[in-house]
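Just below is one structure, and these are the notes that go with it.
FYI, it's all coordinate maths here, none of it is from the lab. Source: prediction; values computed, not measured. As a convention, Cβ positions derive from the backbone with ideal geometry for all residues, glycine included, and neighbour counts pool all protein chains shown.
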Amino acid sequence: MNLFKEVEQAYKRVQNDVYRTPLLYSNWLSNHCRGDVYLKLESEQVTGSFKARGSLNKLRWIQEQGLQALPVTASTGNHGLGFARACNLLDIKGKVFLPHNAVTSKVESIKAYDVEVEFHGDDPYDTEIFARKTAEENGWIYISPYNDTQIIAGQGTIGIEILDELSNPGNILATVGGGGLISGIGSYIAKYSPETNIIGCQPENSPEMSMSVRAGEYREIKSKPTLSDGSAGGFERDSITFDLCQKLVDDFILISEDEIASAIRSMINHHSKLVEGSAGVAIASVLKYPEQFSDQSTVIVVCGANISYKKLQSVLCK
């Protein structure tokens, strides 16, 4: 599969209906690691997350195929929000399954769109399994947040925008949950900037992809609570993103909860930018290992800004 071609096709589908987000040079992080660090601000994307790209690409692809069944998905919030927005944009019905503990602000944002919402389970992975089974039983189209070629390709359009502004960056860092974001970006970058290192960043409390890649086989690991709710939970055993991460990701960095919180505060202090926990994971990776990024150009994908008031309050009060 030439996934980079899928990324290019995805860009044609979505470019007029998502933001081309800024690539901001960070004096703060550049000075910290004695290199050149850029922030790809998907935190300023429509819906506040990169997830708007993949969802729109998938639903446009469904329309192109002439498929009529109800599209449904499962999400902790950001993917569901992107999906809901895309449904409204394309004037189609859709349904979002959410875990009971999904962030309230994200749930309310999803409900602001004309989609059906149903709750099941307390772990994002359990919600995914239930949603997929329910879709199969009803003949619906299940849209995975990450285990889907068109979703991955849509997220990969970020790679096109990065290379349009910065040729051959030394490193690109992205937070990894199910692996759709880094698989999409990595597939495009591997074709057009093969010397670039692709680095996956995960919270220590939810490291399933990194542990699985390092073990060379799927490992199911029970997640602990994390500020990085956008990347929390496991991934499906047969997910195409596992093979892609094995092939494309050069290194993984694990980040503690205190380091995530510190990165969120630092983004407010140094750039006046509000980011969510999953974005803080990638930012914290450069803060944690500055020597790894010295004398190079590095892009951090700041994946989202949808942090709840309660979590933000806990971060700012530390």
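Along its first, second and third principal axes, ordered by size, the chain spans 55, 43, 38 Å in Cα coordinates. Dimensions of region 216-318 along the principal axes, based on C-alpha atoms and rounded to the nearest Å, stand at 40, 37, 18, largest first. Between ASN138, ASN27, ASN306, the residue with the greatest mean-square fluctuation in the GNM of the chain (Cα pairs under 10 Å linked by springs) is ASN138.
Taking every DSSP bridge with both residues inside the chain, close to 10 percent are antiparallel. Candidate cross-link partners of LYS58 among the lysines, defined by an alpha-carbon separation under 17 Å and a same-chain spacing of 8 or more, comprise LYS5, LYS12, LYS93, LYS95. By the Cα gyration tensor, region 135-275 has an equivalent ellipsoid whose semi-axes, rounded to whole angstrom, run 23, 21, 16 from largest to smallest.
Any idea what % of Cα-Cα pairs in region 51-143 are farther than 18 Å? So the pairs more than 18 Å apart make up 37 percent of the total in region 51-143.
Report, to the nearest 10°, how far helix 51-65 tilts away from the longest principal axis of the Cα atoms in the chain, using its own Cα long axis and a range of 0 to 90°. It is inclined by approximately 40 degrees.
In plain terms, the C-alpha convex hull of region 54-96 casts an average shadow of 2.6 nm² when viewed from every direction. Modelled label positions at TYR192 and GLU217, each set 7 Å beyond Cα in the direction of Cβ, lie 3.9 nm from each other. Think of each Lys and Arg Cβ as +1 and each Asp and Glu Cβ as -1; about the Cα centre, that makes the dipole of region 51-143 roughly 380 debye.
Once the chain from ARG20 to ASP91 is taken as fully extended at 0.36 nm per residue, the excess over their C-alpha distance is 23.3 nm. Dipole magnitude for region 211-259: computed about the Cα centre from +1 point charges on Lys and Arg Cβ and -1 point charges on Asp and Glu Cβ, it is near 200 debye. Just to confirm the number: angle between the C-alpha axis of helix 149-165 and the first principal axis of the chain, 0 to 90 degrees, nearest 10? Helix 149-165 and the main axis of the chain meet at about 30 degrees.
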